[in-house]
Amino acid sequence: MLQLEAVIKSNLFMLIKHRAPAVNFFKPMVFILCFLPFMLLVFNALNNELGPNPVEEIIRTLGDWAIYFILIGLTITPARKVFKLNWLIRYRRMTGLFAFFYVCMHFLSYIWFDQFFSIENIVKDIIKRPFITIGFISFLLLIPLAVTSTNGMMKRLKKNWGRLHQVIYPVSILALLHYFMMIKADYLVPGVMLVILSVLLGYRVILKFKR
Amino acid sequence: MSFLIKTASKQDIKSSDITNESDYLNRREFIKQTGILAGAAWAGGLGSPALANTSDYGSDYPNLIKTAYGKSEKLTSFEDATTYNNFYEFGTGKKDPAQNASNFKTDPWSITVEGEANKTGTFHLEDILKHAQIEERIYRFRCVEAWSMTVPWLGFSLADMLKRFEPTSKAKYVQFDTLYDPQQMPGQVRRVLDWPYRDGLRMDEAMNPLCFMATGIYGHHMPNQNGAPIRLVVPWKYGFKSIKSIVKIKFTEHEPVCTWNVTGPKEYGFYSNVNPNVDHPRWSQATERALGSKFWEPKAKTQLFNGYGEQVAHLYKDMDLKKYF
């Protein structure tokens, strides 16, 4: 019996040890997977496959993916704790940075293809139109998070790093609000996103009150 | 009784199948013919600037009258005009109507006429069309969402039709209703809008010669996703005023209820004239993107009354267009 236990333990040890190369293999794969929606969009844009209103398609698709990645990023910690999947933490920074990447591309496509770099019109839009104001604020709030995402910054900021990165909670709410405010009549898609976000944020609220 | 109904519906499906097939054959025949014609035109050094693509054109209207309206406009392609639609009865996505409307039954179709007119009642569409000489008009069409298209509409003047119902002096407005039939229109299952879709015009607007009842586009019968079998086209107003798949016309003394006005009273007014100087609260109306334009192409400037000011500006001459948006 004891022997068997030892064998299992050593095997488990091997498994954990051998997980390192698995991560080295999977991480680039996940990276490519996260990048795929963007590549697909560029490919379709260059091939004229985005339908009769390509600019709308580009801006909407990038905005959708930005929110998807915010939601995926917020899923990692609860999934890790609930399902005991500790290795998920290795993908948290990447999903966060991809959220930032898609937000940047979303904003860039707006200032480029929608406004053609007319600073005057962009500033007017941001000031005059609440849904753009809110989208812009969430973009600004993501910048410090992206800048402090390195290991060095993590060490330097110590406890404050965690506090700073809690900014993602209000950002996720603002991003979804930005989506809700541009809808004309059909709230189904952002409504589903809201349910998911409520679960993810609710989990954190419950955890806080339990302590 | 139920047996009878079943038989009837079975027969209907059959007959519509036959119609579709013959339409299809006609179209193929037409493509062949236009191919020859285009070849001849090319050989003779002629060119038609309005013709986006000869294969876009159908031949469902062999006797139609071509008019001078929009003769020099560059047309949107048939594909773009029929795959990018706002027709929430068939879903709120732009591609939804083209995907969900293919089985929509538009024959038989009737229109109920009510209110302040002498000749009210329910009329079969064939009886309404009997009087109409179908003509083609190329109109610019500007959506409130800041995109636009240019479409060769086939149909007849709204005023001619309305006059036949003999509206009384009490008729100050005319209201139109779209069909409400959630069984056929899957978008109506959810209460995205306050169904049935309704919109209306002031009588003098409705009597303006530009107002058009359309039963087809690009030589084809109206595709279902574009508002078959009959829809309104009001080219100087935002697209949502051009109500689709009309089943009711009501002459009223008071301003009628309009669906988008009820949905967002601060964003969609009763008049909804195209106006680059009055922004939608959430976006600018100064510019527009023509469907089919490339993503690197800048947007076009939107014109007051969508460029039809000469014909319609007098209708609003003492009105503050910022207040009556």
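A short reminder: the numbers here are calculations on the coordinates, not readings from a lab. It should be emphasised that the depicted structure is a prediction, and the values quoted were computed from it without experimental measurement. Note: ideal-geometry Cβ built from the backbone for every residue, glycine included; neighbour counts use all protein chains shown.
Quick notes on this structure:
- Separation of the A:LYS210 and A:ALA146 label points, Cα + 7 Å toward Cβ, nm: 3.4
- With a threshold of 22 Å on the Cα-Cα distance, the over-threshold entries among B:LYS74/B:LYS317; B:LYS172/B:LYS248; B:LYS130/B:LYS172 are B:LYS74/B:LYS317; B:LYS130/B:LYS172.
- Modelled FRET efficiency - R0 41 Å, A:ILE32 with B:ARG191, Cβ distances, 0.05 increments: 0.45
- Size of charge dipole - the stretch B:87-245 - debye, nearest 20, with Cβ of Lys, Arg +1 and Asp, Glu -1, no other charges: 360
- Proximal lysines relative to B:LYS94, as straight alpha-carbon distance under 22 Å, when same-chain residues fewer than 8 apart are discounted: A:LYS184, B:LYS105, B:LYS237, B:LYS241, B:LYS244, B:LYS294, B:LYS299
- Fewest-first ranking of B:HIS220, A:HIS165, using other Cβ atoms within 10 Å as the exposure measure: A:HIS165, B:HIS220
- Normalised alpha carbon radius of gyration of the stretch A:68-211 [divisor 2.2 N^0.38 Å]: 1.15
- Restricting the stretch A:33-129 to chymotrypsin sites (Phe, Trp or Tyr not before Pro) that sit in a DSSP loop and have at most 11 other Cβ atoms within 10 Å of their own Cβ leaves A:PHE83, A:PHE117.
- Counting only aspartates and glutamates at least 8 places from B:LYS322 when in the same chain, those with an alpha carbon closer than 14 Å to its own are B:GLU267, B:ASP279.
- As a proxy for reagent exposure, A:LYS155, B:LYS248 were ordered by neighbouring Cβ count within 10 angstrom, fewest first; the result is A:LYS155, B:LYS248.
- Taken over the stretch B:50-209, the convex hull of the Cα atoms encloses 144 Å³ per residue.
- To the nearest ten degrees, helix A:19-46 and the longest principal axis of the Cα atoms of chain A are 10 degrees apart.
- For the protein assembly as shown, a crude dipole built from +1 on the beta carbon of Lys and Arg and -1 on the beta carbon of Asp and Glu, taken about the Cα centre, is about 3520 debye to the nearest 20.
- Other residues lying with their Cβ under 15 Å from the Cβ of A:ASN44 contribute a combined charge of -1, Lys and Arg counting +1, Asp and Glu -1.
- Compared with the rule-of-thumb size 2.2 N^0.38 Å for a compact globular protein, the stretch B:184-225 has a Cα radius of gyration ratio of 1.60.
- Alpha-carbon spread of the stretch B:56-316, three principal axes, descending order, Å: 54, 42, 39
- The protein assembly as shown: antiparallel DSSP beta bridges as a percent of all, rounded to 5: 85
- Sites listed here are GluC sites (Glu not before Pro) in the stretch B:92-148 whose DSSP assignment is loop and whose Cβ has at most 14 other Cβ atoms within 10 Å, and the list is empty.
- Here the dipole of the stretch A:34-111 is about 740 debye; that uses its Cα centre as origin and unit charges on the Cβ of Lys and Arg (positive) and Asp and Glu (negative).
- Residues of the stretch B:127-142 falling in the label zone of B:ILE65, defined by backbone nitrogen less than 12 Å from a point 7 Å along Cα to beta-carbon, are B:132-137.
- Applying both filters, DSSP loop and at most 13 other Cβ atoms within 10 Å, to the chymotrypsin sites (Phe, Trp or Tyr not before Pro) of the stretch B:234-317 gives B:TRP296.
- Sorted by Cβ density within 10 Å, fewest first, the residues B:ASP194, A:ASP186: B:ASP194, A:ASP186
- R0 of 41 Å, Cβ-Cβ distance B:GLU126-B:LYS323: FRET efficiency to nearest 0.05: 0.45
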